[in-house]
Amino acid sequence: MIIHYPVKNHTVSHAFGFDNSTHPERGDFYSLFDNKHPGVDFPVAKGTEVFAAFPGIVVRREFHKGMGNVIGIRNGNIVALYAHLSEFAVSLGEIIDVGHLIGLSGETGDACLSPHLHFELRDISKSGLKNMVFDPPFEKECETYTDTFEYIVNNKNTQKTLKTLSSLYFGSEKYCEVIKETNGMYTNDPDTPLLDGIVITIPNYN
């Protein structure tokens, strides 16, 4: 899977991994990532069109305190986040192709000091946010991409069910049956709590 640029202007203002420890304003933005920038920032004006960097399914469409209006698109084990948007142009659970208009850039969220697009890639087959993020290989194949991945059930923060996993990884509860069939869980009710530690194979959206 090739990772394409999400905006037409490829200028980068804030590179992946940049150390913000001593920055007077950004110092506390990225504490979960040891103060390293977890994505790539493109200094585009508010209202600039933002396009899908690869085909996938919309799994996040929400307001986040730090990232503001954010869209998340998953393909296999890779999720792309498009943050600080001013407007959304896609819906949860929508399947989109590469280059599809997903929204307009903006300056929403507490971690935004000026208008820009924050683009972030996560390998969700890994555990811990700090380990998930990686430097986007623009216009190249994503070497860590896999079509499916294994999720180990963890109920520490929220009780997991097939419905919650469907919403988390497909943006919709309607993929419960797909997860059930992939894992041979034909008798499991989608609302039944899943046990900690069991391994669930998460299929792709297509």
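The values are calculated or read from the model by the stated rules, or taken from the named source; none is laboratory data. Because the structure is predicted, anything quoted here is derived from the model rather than measured. Positions of Cβ are generated from backbone atoms using ideal geometry, with glycine treated the same way; all protein chains shown enter the neighbour counts.
Any residue in region 168-182 that is over 26 Å from VAL90 (Cβ atoms) and of a type in the set (Gly, Ala, Ser)? Full working, then the answer.
Taking region 168-182 and keeping what is over 26 Å from VAL90 (Cβ atoms), we get 180-181.
Now drop any that are not of a type in the set (Gly, Ala, Ser), which leaves none.
No, region 168-182 contains no residue that is over 26 Å from VAL90 (Cβ atoms) and of a type in the set (Gly, Ala, Ser).
Given the conditions (1) of a type in the set (Asp, Glu); (2) surrounded by 12 or more Cβ atoms within 10 Å (Cβ to Cβ); (3) under 19 Å from the mean Cα position of the chain (by Cα); (4) farther than 20 Å from VAL59 by Cβ, and given that ASP189 satisfies all but one, which numbered condition is not satisfied?
(3)
Go through the residues of region 117-128 one by one and say whether even a single one is modelled with pLDDT of 95 or more, of a type outside the set (Ser, Thr, Tyr), in contact with a strand residue (DSSP E or B) (Cβ under 7 Å, 6 or more places away or on another chain) and over 16 Å from ILE78 (Cα atoms). Quick ask: steps written out before the conclusion?
We begin by selecting, within region 117-128, every residue modelled with pLDDT of 95 or more; these are 117-125.
Okay, now just the ones that are also of a type outside the set (Ser, Thr, Tyr), so 117-124.
Applying the additional criterion that residues be in contact with a strand residue (DSSP E or B) (Cβ under 7 Å, 6 or more places away or on another chain) yields 117-124.
Among the residues that remain, those that are also over 16 Å from ILE78 (Cα atoms) are: 117-118.
There is at least one residue in region 117-128 that is modelled with pLDDT of 95 or more, of a type outside the set (Ser, Thr, Tyr), in contact with a strand residue (DSSP E or B) (Cβ under 7 Å, 6 or more places away or on another chain) and over 16 Å from ILE78 (Cα atoms).
Taking HIS84 and the conditions (1) surrounded by fewer than 19 Cβ atoms within 10 Å (Cβ to Cβ); (2) in a strand (DSSP E or B), which numbered condition does it fall short on, given that it satisfies the others?
(1)
If you take the residues of region 145-173 that are in contact with a Pro (Cβ under 9 Å, 6 or more places away or on another chain) and assigned to a loop (DSSP other than H, G, I, E, B), which of them is nearest to VAL7 (Cα to Cα)?
Looking at residues that are in contact with a Pro (Cβ under 9 Å, 6 or more places away or on another chain) and assigned to a loop (DSSP other than H, G, I, E, B), I get ASP147.
Looking at this structure, is ASN131 free of Cβ contacts under 8 Å to residues at least 12 places away in the same chain, closer than 24 Å to PHE63 by Cβ and not in a strand (DSSP E or B)? Before you say what the answer is, go through the steps one by one.
Numbers: free of Cβ contacts under 8 Å to residues at least 12 places away in the same chain: yes; closer than 24 Å to PHE63 by Cβ: no; not in a strand (DSSP E or B): yes.
Criteria not met by ASN131.
For region 109-128, name all the residues that are of a type in the set (A, V, I, L, M) and assigned to a loop (DSSP other than H, G, I, E, B).
Keep residues of region 109-128 that are of a type in the set (A, V, I, L, M), which gives 111, 113, 117, 121, 124.
Those that are of a type in the set (A, V, I, L, M) and assigned to a loop (DSSP other than H, G, I, E, B): ALA111, LEU113, ILE124.
Can you run down the residue pairs with Cβ atoms below 6 Å, 6 or more apart or on separate chains, where the first is in region 59-79 and outside any strand (DSSP E or B) and the partner is among the aromatic types (Phe, Trp, Tyr)?
GLY76/TYR145; ASN77/PHE149
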